[in-house]
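The values are calculated or read from the model by the stated rules, or taken from the named source; none is laboratory data. Model, not experiment: these values are computed from the prediction. Neighbour counts are summed over all protein chains in view; Cβ atoms, including those assigned to glycine, are modelled from backbone coordinates with ideal geometry. The area values use the complete protein model at the heavy-atom level, side chains included, leaving out ligands, DNA and RNA. Shrake-Rupley method; radii C 1.70, N 1.55, O 1.52, S 1.80 Å.
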Amino acid sequence: MEVVTAIDSPSPRNTQTAIGFIGVLFLLSAATAFPEIPSQAPAPKTIADLRLQIETILKDTGTPGAGIALVGRGGPIWVAGIGLADVAQNRTATEDTLFPIGSISKSFVALSVLKLQQEGRLNLQDTLRARAPDVEFANPWEATNPIRIVHLLEHTTGWDDSTPHEGEWDPAPEIARREGMAFYPPSRTSRWRPGTSFSYSNLGPGVAAYIVENISGEKFEDYVARTWFGPLGMTSATYFGTSGALNALATEYGSEGHSIPLHFNVLTRPSGGIVASPRDMANYVEFYLNRGSFRGTRFLTTAAIDRMERPTSTYAAAEGVEIGYGLGNYATVWRNWVFHGHGGAVPGALAEMHYLPHEGIGYAVMINCKNDYALYRLEDAVRTYLVGDLKPPSTAPFGSVGDTQIAKYSGWYEPITPRNERFRYLESILGVTHVTLANGRLYLSDLTNGKYAYARVDGRVYRRLDNSRSLVLVGDHTDGTLFQTVGGPTFRRMPTYIACLKLGFALVTALLMSSTVIFALVWIPKRLFGKLKEAPYFGVRWDSLLGTLSGSAVGILIWEASGNYYARADGAIWSGDWVRIADYVAYGAFAFYAIRGLLRALRRRCVPIARMVWWHSLATSLALTVWAVYLCYWGLRNDLT
């Protein structure tokens, strides 16, 4: 149920947990970056061309099957299933095959709230306390900045995302939604003032769904089926694993090609539990293209759909920015085209649904494996076909950058709105960003994205030169000097010396760890072949090496944990309790060898040992010990909250 948010700017989200230490960052960043789309692929001119290109992409990327829907205001242009719905059974995908649509489900929560607002039964500005007083949550700013329904849908509550505790829980038999929300209330704690900053959380829409239940008097899933699925002709769309749904469902596959069971009965079902066919999704896209109307029947006003597509509860929105994450609907920029819609991901499946409101064209793409690159290429092919020879919209001209304005915001920043609080300790290092002014441009530099130039659009709003990302220099200084990326994190300025300490120590640790491994490739063979005699100081070398290796293992475990929403879903071994056991072993070994290496180095300072070897071992063990204490502090902090 993850999503890559709207017009996201230099964010550590893509690589925030790739490592436990910066030394591994560069390898993982290179490994996870998308390769370029093959340049030899011509733009498809016909449906036959597009189908052939899709089949080629599926084959090239090892993707079993896909569901495709191309839509215009007048109805479907092309709806199809391509490839295999199930590899073992050799079952082909069709336009009626069901695929999980993940977080696209959130848009049905937003539609339901807008429908009730249109009927005068609630308002987006209603407070959570007033509409669901029985829901436990903590908001230190409730007196001045209460959580409102709009915040639940625009991800501006300041709440954490779902924890592993919630992601793993799949109760049987099913429990009531209110009982499910009582499972882990600490997740619903505002970490900054609600209604100021975006941070994606699967919890908000679930609470909004509970409010829909309270007002409608129906189970949320039943309300959606009656109000949306039925009237829109989405006859096979469902939240439940009925026999009919299971027979039509595509088998989901993990990254290693193993099948993954789909969990229907999860706590965050309103946020990502729908399965739907390409035929269903074609009707859904048509509804948006007709601005709340479907084949002669109006369900929502045009103004309601417009509101759905526009964010209102962030610093950026307050500065007049109208693109970003709205009500279960976000904007993405592709070759100057601004698409609206949503994406979704569950273990073993990915989906995207996007449309161009003014041009009256849209699409849905669904695949039954977790292959981001495959989806990336499929979307590019579909979008290229849909826009055809249409002229892309022009962009607003850039304005001049005021030296005085930039001078107020130049400096070093750190991200302060992490999606997962348990990874704040890494984001605060990997997300360190430098803001500078040069040649009339604002420049952002960070570890994971490099250096990019932004030009002023208006006021304090800036846009990257390729028009792909935007940011706002926040005028409200209540919480410090801030800039906010549109659809992404908020950053706060910090003292230069703090930034230098963070980056410098991370870099030094990376160099020490790398050199420890390199040195080991020299002295271990010498020791094995008798060219180096055993000596008391050998333990110093071994401890720094074993500390480095166990620290790298910690980094890999953090990477795996961050990329798997359902900790037990993607395979039988690398999941659930096995991950926790591996965590404890790796963390324990890391702390043990780091501290023992430091103590041994201090005790051996007077023994006959090459000074370079001693100083290197001491520095490595000291750096690893600092990291071990840092990780231990954050680990205990997360376990206690």
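If the reach is capped at under 20 angstrom between alpha carbons, list the lysines near residue 45, excluding any in the same chain fewer than eight residues apart.
Cross-link targets: 391.
Roughly speaking, what is the centre-to-centre gap between region 279-322 and region 363-441 when only Cα atoms are used, to the nearest Å?
Using only Cα atoms to place each centre, the spacing works out to 23 Å.
Of all accessible surface on the chain at a 1.4 Å probe, what whole percent is carbon and sulfur?
Details: 15150 of 25970 Å².
Ligands and nucleic acids excluded, carbon and sulfur give 58 percent.
Under 5 Å between amide hydrogens, which residues at least 5 positions from residue 191 or on another chain qualify, with H placed 1.01 Å from N in the peptide plane?
Result for residue 191 returns 159.
Under a 5 Å amide H to amide H cut-off, with H placed in plane at 1.01 Å, what residues pair with residue 85 once short-range neighbours are removed?
For residue 85, whose amide H was placed from the backbone, the distant partners under 5 Å are 91, 92, 93.
Could you let me know the centre-to-centre spacing of region 475-508 and region 48-102, using Cα atoms, in angstrom?
Here the answer is 44 Å between Cα centres.
Give, as a single signed number, the net charge of other residues whose beta carbon lies under 13 Å from the beta carbon of residue 152, with Lys and Arg counted +1 and Asp and Glu -1.
Local charge sum for residue 152: +3.
Once you have a ≥ b ≥ c as the square roots of the Cα gyration tensor eigenvalues for the chain, tell me rounded if a/c is under 1.5, and otherwise prolate or oblate according to whether a/b is larger than b/c.
The shape class here is prolate.
Mind listing the phi-derived Karplus ³J(HN,Hα) values for region 146-154, rounded to whole Hz, using 6.51, -1.76 and 1.60 with θ = phi - 60°, and x for any glycine or proline?
x, 6, 10, 4, 4, 5, 4, 8, 9
I'd like the orientation of helix 576-603 relative to the chain: the angle between its Cα long axis and the longest Cα principal axis, in ° from 0 to 90, rounded to 10.
Here the helix axis deviates by roughly 30 degrees.
Any chance you could give the angle, 0 to 90 degrees and rounded to 10, that helix 372-387 forms with the longest Cα principal axis of the chain?
Approximately 40 degrees, to the nearest ten.
Starting with the highest mean, order 514-526, 427-439, 79-91 by the number of other Cβ atoms within 10 Å, averaged over the residues of each peptide.
By packing density, highest mean first, the sequence is 427-439, 79-91, 514-526.
Round to the nearest 0.05 the FRET efficiency obtained for residue 306 and residue 434 when R0 = 45 Å and r is the Cβ-Cβ distance.
Efficiency at R0 = 45 Å is approximately 0.75.
Could you list which residues have their amide H under 5 Å from that of residue 148, counting only those 5 or more apart in sequence or on another chain, with H placed in the peptide plane?
Residues meeting the criterion, in which the H sits 1.01 Å from N, are 128.
Kindly rank 353-364, 210-221 from highest to lowest mean number of other beta carbons found within 10 Å of each residue.
Descending mean neighbour count gives 353-364, 210-221.
Using 7 Å Cα-to-Cβ label points, what is the residue 585/residue 359 separation (nm, one decimal)?
5.2
Could you state the accessible area per residue of the chain in Å², with a 1.4 Å probe and every protein chain left in place?
Details: 25970 Å² over 641 residues.
That works out to 41 Å² for each residue.
Quick check on packing: order 199-207, 289-297 by the mean number of other C-beta atoms within 10 Å, highest mean leading.
Result, highest mean Cβ count within 10 Å first: 199-207, 289-297.
By how many degrees, between 0 and 90 and to the nearest 10, does the Cα long axis of helix 47-61 differ from the longest principal axis of the chain?
Relative to the chain, helix 47-61 is tipped by roughly 30 degrees.
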